[in-house]
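Heads up: the structure comes next, in structure tokens.
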Amino acid sequence: MYPKSKVGYWKERSLSSEYQEAYDNIIKNIPESGSTLLDVGCGTGEILKRVWKELDYGLLIGCDATYEMLKGAMEKLKSENIPARIERKWDLKLLNSKEVVLLLEDVSDMQIPKQIADTALFTFPEIFSNSKKWAGEGKIKNEIRKRGYEFNDIKKIIKKLMIHRNIADKIKNNGRFISVEYDVQYRNSFLESRVIYNKISFAEMISLRLENAQFFESAKVWSDTEGKLEDFIEEKPGYRIFSMSRVE
Ligand SMILES: C[S@@+](CC[C@H](N)C(=O)[O-])C[C@H]1O[C@@H](n2cnc3c(N)ncnc32)[C@H](O)[C@@H]1O
């Protein structure tokens, strides 16, 4: 899914001191233990590596739609002596193992079963998807209208909600969802899609309740993905760590 050039670019970027600091902050927000952790769009496997080394989980599942990314993640984990393998298919037997399983999965249609993860991660997403309709899209649109929310870019909002719902589906009740987004401290309407976490009631619509959202200032963990810094001169760029609970 990602072109080769982008894979290399992202690998290098994730190793920069600024991203490494961001991963330190992310790890601090992940519950310390559990039986299963799911990392959607796991990329280079940097967070899986850290979770394995620093926290206490059984099975770690890394999903990504780019095979090259999974291969890179595999190399990284192996070089750290972490038991890891790439699997083509989900198998229930995996649930009892203590290892890292990497799966080629598209977030729009994940084969892993519902409610298996104690914790799910979705960090620095840059998600590619065909502009196909998402299952349940109409219902979500109606919910948004019913609540009277107005958005300039409703397609973007729907996509975001559907992705979050798909991931939320994989989390056990009362489990945790950590999502990390590029953001600015003082928002303007251009970044309206970010407001989704505050404005829309996740609990009612997609079974998530926002518990905490912490902003970290960083011009580097932001700039080349989100636009020109000059456009945000009055605002502090960076990223925000959202901590949510799955609620029935
Ligand atoms: C910007 S990288 C972030 C990687 C990692 N989460 C991190 O924080 O280092 C985004 C990742 O999402 C993956 N991705 C893009 N579209 C996807 C999709 N539709 N389903 C699953 N993964 C996807 C890309 O291949 C890439 O590895």
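Details
- So GLN111, is it of a type in the set (S, T, N, Q) and away from the ligand (no atom under 16 Å from the Cβ): no
- Residue that is within 12 Å of the ligand (Cβ to nearest atom) and within 15 Å of ILE178 (Cα to Cα), where the choices are TYR23, TYR19, TYR9: TYR23
- A count restricted to the range 104-134 and to residues that are of a type in the set (A, V, I, L, M, F, W, C), assigned to a loop (DSSP other than H, G, I, E, B) and farther than 21 Å from LYS89 by Cβ stands at 4.
- Sole exception among (1) at pLDDT 95 or above; (2) within 13 Å of the ligand (Cβ to nearest atom) for GLU99, by number: (2)
- Checking each residue in the range 11-52 for being more than 28 Å from ARG246 (Cβ to Cβ) and touching a Phe, Trp or Tyr at 6+ places or on another chain (Cβ under 7 Å) picks out only ARG13.
- Looking only at residues of the range 1-25 that are under 17 Å from the mean Cα position of the chain (by Cα) and at pLDDT 95 or above, we find that the one that is surrounded by the fewest Cβ atoms within 10 Å (Cβ to Cβ) is ASP24.
- Selection from the range 26-50 of residues that are more than 11 Å from the ligand (Cβ to nearest atom), surrounded by fewer than 24 Cβ atoms within 10 Å (Cβ to Cβ) and under 15 Å from the mean Cα position of the chain (by Cα): ILE27, ASN29, ILE30
The values are calculated or read from the model by the stated rules, or taken from the named source; none is laboratory data. A quick note: this is a predicted structure, and the numbers were derived from the prediction, not measured. All Cβ positions, even for glycine, are placed from backbone atoms using ideal geometry, and neighbour counts span all protein chains on display.
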